[in-house]
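S.K.: After the structure tokens below, expect a handful of questions from me.
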Amino acid sequence: MRNRGENGDVETFAYLNMQIGNADAILAYLKNIDPGMIVLVASFDDVTAKMTDEMREVFVGMGSTLITSVKHRDNWVFAGGAGRDNKSLFEKQAANDESTNVYGDWPEIVELSGCYPRTLTDGKVL
């Protein structure tokens, strides 16, 4: 989901199929997110099947610090901002580990809550 952060209106949302989707189309979608947009991401199933290093770098550019460590069947949620180089405080990961998985082959659920900072059109946080 993408939101400009100025008025709270959702401008667009998408389901990016990381199992059978086209990796080039997914990367193009991610690169097309305008600076200043608030981005909300939740992994479902295995997010790494089509994940490339270039896609990971796009998320790093949105403030993700965990995307580089997300592995097969990890759960990952993230809220960040396109064009921001600062670390997002809204990110969690549950690692897939057979010895600690809660749901057989799957780790526990991860959730985020809180208020994401709203920005003015000049990019300053209110």
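Bear in mind that the values in this text are calculations on the coordinates, not laboratory data. Quick caveat, the model's predicted, so the values are computed rather than measured. Every residue, glycine as well, gets a Cβ built from its backbone with ideal geometry; the counts of neighbours run over all protein chains shown.
S.K.: Going by the conditions given, is G83 of a type in the set (G, A, S), exposed (fewer than 15 other Cβ atoms within 10 Å of the Cβ) and within 16 Å of P117 (Cα to Cα)?
M.R.: Here the answer is yes, as G83 does meet what is asked.
S.K.: Scan segment 86-117 for residues that are surrounded by 16 or more Cβ atoms within 10 Å (Cβ to Cβ), of a type outside the set (D, E), in contact (Cβ under 8 Å) with a residue 24 or more places away in the chain and not in a loop (DSSP other than H, G, I, E, B) and jot them down.
M.R.: F90, Q93 - these are the residues of segment 86-117 that are surrounded by 16 or more Cβ atoms within 10 Å (Cβ to Cβ), of a type outside the set (D, E), in contact (Cβ under 8 Å) with a residue 24 or more places away in the chain and not in a loop (DSSP other than H, G, I, E, B).
S.K.: Let me ask something additional. So for segment 36-51 (the condition being part of a helix (DSSP H, G or I) and either within 14 Å of the chain's Cα centre (by Cα) or surrounded by 13 or more Cβ atoms within 10 Å (Cβ to Cβ) (or both)), does at least one residue qualify?
M.R.: No, segment 36-51 contains no residue that is part of a helix (DSSP H, G or I) and either within 14 Å of the chain's Cα centre (by Cα) or surrounded by 13 or more Cβ atoms within 10 Å (Cβ to Cβ) (or both).
S.K.: Do you know which residues across segment 63-85 are in a loop (DSSP other than H, G, I, E, B) and either under 16 Å from M18 (Cα atoms) or aromatic (F, W, Y) (or both)?
M.R.: V70, K71, H72, R73, D74, listed by residue number.
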